[in-house]
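**Student:** Handing you this structure, nothing more for now.
The values are calculated or read from the model by the stated rules, or taken from the named source; none is laboratory data. Worth saying up front: this structure is predicted, and the values here are computed from it rather than measured. Ideal geometry is used to build each Cβ from the backbone, glycine not excepted, and the neighbour counts take in all protein chains shown. These area figures cover heavy atoms from the full protein model, side chains too; ligands, DNA and RNA do not enter into them. Shrake-Rupley method; radii C 1.70, N 1.55, O 1.52, S 1.80 Å.
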Amino acid sequence: MQIKVVKNILSMNEAIADRTRRDLRSRGITLLNLLASPGAGKTTFILAVAARLAGTIRIGVIEGDLASRLDADKVAAAGLPVVQINTEGGCHLEAAQISAVLRDLPLDDIDLLIVENVGNLVCTASYDLGEDLRLVLSSVPEGHDKPYKYPRIFHDIDAVVVSKTDLTPYIDYDLDAFTEAIRSINRKVPILPISATTGDGMDPFCDWLVGQLKD
Amino acid sequence: MHEAAITDSMVKLVLEQAREHGARVVRKVRVVVGAMSGIVPESMRFYFEELTRGTVAEDATLEILVVPTKADCLACGHGFELEDYLWLCPACGDRRLDIVEGKELLVDSIEVD
C-alpha cells in the first residue's frame, strides 16, 4: 500500500517555531535569529547594537555554541539578560531548544530577543526558530564571493549585515561584487555595512532595526 | 551533522505515518530534496540505515529525488535550471535571478504492508 505523505521533514520543528512566534508576539517581543560563520563578529555586533540602543530598546540574548559559556559571560558582563545553549556537537539551533530556555529569561523586561545561532552557513538556514527577523552577518575577511558558495542562507532573510568594514583597506574585498552576488540570489534584501569597532554604519543599522520591531 | 539531524526528523515522520496506518513493515520511503538544501544524498542514506535499524522501516528502500535549483531571470524572463551553481542567466547573461525551486525537504510517500 502506498501512503501519500507530502510533509515537510522539519514539520515538527516548524510547529514548535510557530508556537514560539505566537507566544512572543503576544508579549510584544521581537525574536531575531542571527546567522553567520564562526568569527564573523556576532557577539561583538550584538554588544555594539545593545550599547547604542540602551535606554530605548530592552535586549535579551540567547547564545548558541557547541561548547563553553564564553559568549554568555561577555553578554552578561554588559548587563544584558542572557542564556547559553550548548549543542554539544550539534551544528545549529532548533526551535525546541529556544522554546525550552524562554522560561529562563525575564521576558517581561525584553523587547528584542536576539538568538546568536551556532557559527555555520549551512544547516542553520534550514531551521526556523520562531523568529520574526532573520539576519546574516557576513564579515569582510570572509570574502565577497560567499553568497555564490552558500546561496541557501542568503535567500530567505530580512537583512545582510557586512561586518568588519574597517578591515577593507587591508583585504581584497569588493562591496560592489558582494552586492552583485547577493542580488543574484535575493533582489530585495537590504545590505547594511557596519564596523562595530569604529561605529561606522551602526546608526543606519539601528534605525533599520528599530523600524522592524513590533509595538 | 546536518544530514544526521534531518534524517532523524525524516525517520520519525516515516515511523509516525507507518504507525498511524497500522503498517507492519515499511517497504519504500520516497523523499524530495532540493539541491539548495545542502543535503548530500549518500550521507542521508548512511544515517537512514543507522536510524531505522530495529524499526519497521529497517529494510525499507530509500528513494531520494533531488530537485534541481530553478530560477527565473528578472531581466529577460527566461526560466532555467542552475547548473554547477552558476548564477547567471544562460539566455542573456544577467545575474539578477529569482529562485523558484530547490529548497524542498519533504517526505513524499511511503510504501507499507
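**Student:** With a/c under 1.5 counting as rounded, go ahead and sort chain A into rounded, prolate or oblate using the C-alpha gyration tensor (a ≥ b ≥ c being the square roots of the eigenvalues; past the cut-off, prolate if a/b is larger than b/c, else oblate).
**Tutor:** Taking the square roots of the gyration eigenvalues as a ≥ b ≥ c, chain A is oblate.
**Student:** Further question: Within the stretch B:28-103, which GluC sites (Glu not before Pro) sit in a loop by DSSP and count at most 14 neighbouring Cβ atoms inside 10 Å?
**Tutor:** B:GLU58, B:GLU83
**Student:** Moving on. Counting helices only, and only those DSSP H runs with n ≥ 4, report the 222 nm mean residue ellipticity of chain B as the sum of -39,500 (n - 2.57) divided by its residues, in deg cm²/dmol to the nearest 500.
**Tutor:** Helix contribution divided over all residues of chain B: -9000 deg cm²/dmol.
**Student:** Pairs of alpha-carbon atoms within less than 8 angstrom and 6+ residues apart define the contacts here; what relative contact order does chain A have, in percent?
**Tutor:** Answer for chain A is 25 percent.
**Student:** Here's another thing I want to ask about it. Mind checking the full-extension length gain between B:ALA75 and B:VAL25? Use 0.36 nm per residue of separation minus the Cα-Cα distance, one decimal, nm.
**Tutor:** Stretched fully, the B:ALA75-B:VAL25 segment lengthens by 12.9 nm.
**Student:** Further question: Cut-off 13 Å, label point 7 angstrom out along Cα-to-Cβ of B:LYS12: give me the residues of the stretch A:21-53 whose amide nitrogen falls inside.
**Tutor:** No residue passes the distance filter.
**Student:** Lys/Arg Cβ at +1, Asp/Glu Cβ at -1, dipole of the protein assembly as shown taken about the Cα centre: which of B:VAL40, A:ASN186, A:ALA95 is farthest positive-ward?
**Tutor:** Farthest towards the positive pole: A:ALA95.
**Student:** Using R₀ = 35 Å, calculate the FRET efficiency as 1/(1 + (r/R₀)^6) where r is the Cβ-Cβ separation of A:GLN212 and B:LEU65; round to 0.05.
**Tutor:** 0.40
**Student:** Continuing with this model, one more query. For labels at B:TYR85 and A:ALA54 in the simple 7 Å Cα→Cβ model, what's the distance in nm?
**Tutor:** Rounded to a tenth, the inter-label distance reads 4.1 nm.
**Student:** What does the C-alpha gyration tensor say about the overall shape of the stretch B:71-113? Classify as rounded when a/c is under 1.5, otherwise prolate if a/b is larger than b/c, or oblate.
**Tutor:** Because a/c hits 1.5 or more and a/b exceeds b/c, the stretch B:71-113 counts as prolate.
**Student:** Carbon-plus-sulfur fraction of the accessible area of the protein assembly as shown, 1.4 Å probe, in percent?
**Tutor:** 49
**Student:** Quick one: grab the alpha carbon gyration tensor of the stretch A:4-43, order the square roots of its eigenvalues as a ≥ b ≥ c, and give me rounded if a/c is under 1.5, else prolate or oblate depending on whether a/b is larger than b/c.
**Tutor:** oblate
**Student:** Still on this structure, please answer the following. What distance in nm separates the simple spin-label points at A:ARG69 and A:ASP172, each placed 7 Å from Cα in the Cβ direction?
**Tutor:** Roughly 4.4 nm, to one decimal.
**Student:** Using the charge dipole of the stretch A:117-215 (Lys, Arg: +1 at Cβ; Asp, Glu: -1 at Cβ; taken about the Cα centre), state which of A:SER139, A:TYR127, A:PHE205 has its Cα farthest towards the positive end.
**Tutor:** The one lying farthest along the dipole's positive direction is A:TYR127.
**Student:** To continue, here is another question. Would you kindly find the accessible area of B:HIS2, with a 1.4 Å probe and non-protein molecules such as ligands, DNA and RNA excluded, rounding to the nearest 10 Å²?
**Tutor:** 10
**Student:** Let me ask something else about it. May I ask for the longest run of chain B untouched by trypsin sites (Lys or Arg not before Pro) that are loop-located per DSSP and have at most 10 neighbouring C-beta atoms (other than their own) within 10 Å?
**Tutor:** Longest gap between qualifying sites, sites excluded: B:54-113.
**Student:** Straight-line reach from B:LYS70: which lysines have a Cα under 27 Å away, not including same-chain ones fewer than 8 places off?
**Tutor:** Qualifying lysines at Cα under 27 Å: A:LYS4, A:LYS7, A:LYS146, A:LYS149, A:LYS188, B:LYS103.
**Student:** Shifting gears a bit: What trypsin sites (Lys or Arg not before Pro) in the stretch A:135-215 are in a loop by DSSP, with at most 14 other Cβ atoms within 10 Å of the Cβ?
**Tutor:** In loop regions of the stretch A:135-215 (DSSP not H, G, I, E or B), the sparsely surrounded trypsin sites (Lys or Arg not before Pro) are A:ARG187, A:LYS188, A:LYS214.
**Student:** With runs of 4+ DSSP H residues as the only contributors, calculate the mean residue ellipticity of chain A at 222 nm using -39,500 (n - 2.57) per run, divided by the residue total and rounded to the nearest 500.
**Tutor:** -9000 deg cm²/dmol, from helical runs alone.
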